[in-house]
Amino acid sequence: MAKLRKKGFTLLELIAVLVIMAMLALIVTPLVMNIIRKARISADKRSIDAYGRSIELAIAGYLLDTGTFPTSVDQLAIEYSGNEVVCSTTQLNSDSSVYLTGCTVAGRTVDYSYGKYEAPSYTAYSIGDKVSYNGVTYYVIEDSDTTKDTVKLLKENLLTFKEMGISEDDNFGYTQYGNSTAYEQSTIKQLVDTWKTNAVRSGDSATARLITHDELVTNLGYENRIGTINPSTNGTTPNWIYNCENDYWTMSQFGDNSSHLWSVRVSTDSGIIMEDYISGYNFVRPVLELNKSADITKLN
């Protein structure tokens, strides 16, 4: 009786199979991974869409409840299903739609935007407008632009001792800060920063600082002869520039490179006078650059 012999794969055949399988894996794996990647991106986009629609529904609900349009997404109660969506830009449009861009879904960055971009239009203030913010009166010194989201305001009145966070003292200039350094820029900057802390409402974005005389009059039609100690006026400088005892402190006429402050005043004899002072008291009118989303009220 003949015996049957079992024949296995030879080493060459096994190698050939492994090579074929490896080639298939090289071809198929990228295809499969690409399908998975596209599916994940598609799911992430759907999550952003769901988030955007939920914001639009929340806007509608807010309008019904309050009768006013929300100014921030933080005011809205947003409910949606899906992965967590965080967007760097969330713009609430005037037609109650929303524009989202720079979004991540569950921590993954997604190159996708929801909705349409609407170029923002801001209130345009005129130079010299008298406005109120947080109970304090200011004059607009730079704006007239509906595409700009900030406005520069000059405080109407001088800073008081209380506003500067210091105690009233007849010898303030000499006892508290010491003779020649009493009114150096660095000292006054600290006082202005102290004032800003209380002058700006919580949540509002603003910067406060001293301003050079040159910068102050740039847009005010003043013939600014800043290089002289007694620059003259062409008669167009608004009175409100010098309505605080006709005297206020400013940065040096030489700009930030000088540590001393200058006093700017009106004299009936010689017009505008600038002097390098360090004596005196609280002759400081800071400039506040405020975001227009803040509650600013026009007074004239």
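Just so you know, all these numbers are worked out from the coordinates, no wet-lab data involved. For clarity, every value in this text was computed on a predicted model and none was experimentally measured. In this analysis, Cβ positions are derived from the backbone assuming ideal geometry, glycine residues included, and neighbour counts consider all displayed protein chains.
Assign one of three labels to the stretch 11-110, namely rounded, prolate or oblate, based on the Cα gyration tensor with a ≥ b ≥ c the square roots of its eigenvalues; rounded applies when a/c is under 1.5, prolate when it is not and a/b is larger than b/c, and oblate otherwise. The shape class here is prolate. Using a cut-off of 24 Å between Cα atoms, the listed pairs Lys148/Lys189; Lys152/Lys189; Lys196/Lys298; Lys162/Lys298; Lys162/Lys292 include Lys148/Lys189; Lys162/Lys298; Lys162/Lys292 as exceeding that distance.
Using a Förster distance of 45 Å, how high is the FRET efficiency between Tyr122 and Phe161, based on the Cβ-Cβ distance and rounded to 0.05?
Details: r = 35 Å, r/R0 = 0.78.
Plugging the Cβ-Cβ distance into 1/(1 + (r/R0)^6) gives 0.80.
Could you please rank Asp49, Asp44, placing first whichever residue has the fewest other Cβ atoms within 10 Å of its Cβ? Mind dumping the intermediate values first?
Details: Asp49 17, Asp44 22.
Listing Asp49, Asp44 from fewest to most nearby Cβ atoms yields Asp49, Asp44.
Computed from label points 7 Å out along Cα-Cβ, the spacing between Ser94 and Leu12 is 8.1 nm.
Taking the fewest neighbouring Cβ atoms within 10 Å as the starting point, the ordered list for Trp240, Trp195 is Trp240, Trp195. A simple rule links phi to the HN-Hα coupling: the Karplus curve 6.51 cos²θ - 1.76 cosθ + 1.60 with θ = phi - 60°, which for the stretch 97-109 gives 8, 9, 10, 10, 8, x, 9, 10, 10, 6, x, 8, 6 Hz, with x for Gly and Pro. Put a dot 7 Å past the Cα of Asp295, heading toward its Cβ, do the same for Arg108, and the two dots end up 4.4 nm apart.
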